[in-house]
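Following: one structure in structure tokens, then a few remarks.
Derivation of every value follows stated rules applied to the coordinates shown; laboratory data play no part. Since the model is a prediction, treat every value here as computed from it, not as a measurement. Neighbour counts are summed over all protein chains in view; Cβ atoms, including those assigned to glycine, are modelled from backbone coordinates with ideal geometry.
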Amino acid sequence: MANGTKNTWRARTVRTVTAFLPVSEKRVGECVNCGACCKLPNVCPFLKYNSDGKSYCEIYPIRPLNCRKYPRTKSELITADTCGFRFE
Ligand code: SF4
């Protein structure tokens, strides 16, 4: 995991309670459907996979704000190995 941020329930709680804040203007890139953020810290029951191996969210239109905005800040990004987003 990058950035020193741990994949913990505490980190998940922080993401959840701060999810109403705006996404950093320094974020660039796009989601490449790796599904890594859907396993923080446990595998989400709504995480599914297409036949091509790409992940998708079974409740995408109504997914929670913290999922919608991940990674909202550089410090939140703990899936940098596979995530299509990065911070300048
Ligand atoms: S970790 Fe990044 S690229 Fe992967 S599903 Fe989440 S937002 Fe998309």
Next item on the list: Specify which residue in the list P71, G53, C34 is farthest towards the positive end of the charge dipole of segment 17-88, using unit charges on the beta carbon of Lys, Arg (+1) and Asp, Glu (-1), about the Cα centre.
Entry: P71
Check: For the chain, what is the calculated [θ] at 222 nm in deg cm²/dmol (nearest 500), taking -39500 (n - 2.57) for each run of four or more DSSP H residues and dividing by its residue count?
Finding: -4000 deg cm²/dmol
Notebook entry, point to check: Which lysines have a Cα less than 16 Å from the Cα of K48, not counting those fewer than 8 places away in the same chain?
Noted result: K39
Notebook entry, point to check: Which whole-number percent is the relative contact order of segment 9-87 (Cα, under 8 Å, 6+ apart)?
Noted result: 42 percent
Check: In the Gaussian network model of the chain, springs joining C-alpha atoms below 10 Å, which of N50, N42, N66 carries the largest mean-square fluctuation?
Finding: N50
Item checked: Table column - 3J(HN,Hα) (Hz), segment 6-21, Karplus curve with 6.51, -1.76, 1.60, x for Gly and Pro -> 8, 7, 10, 5, 4, 4, 5, 5, 4, 4, 5, 7, 9, 5, 6, 6
Check: Which value in Å is the Kirkwood Rh of segment 9-87 over different Cα pairs?
Finding: 12.9 Å
Next item on the list: Treating only the Cβ atoms of Lys and Arg (+1) and Asp and Glu (-1) as charged, compute the dipole magnitude of the chain about its Cα centre; round to the nearest 20 debye.
Entry: 280 debye
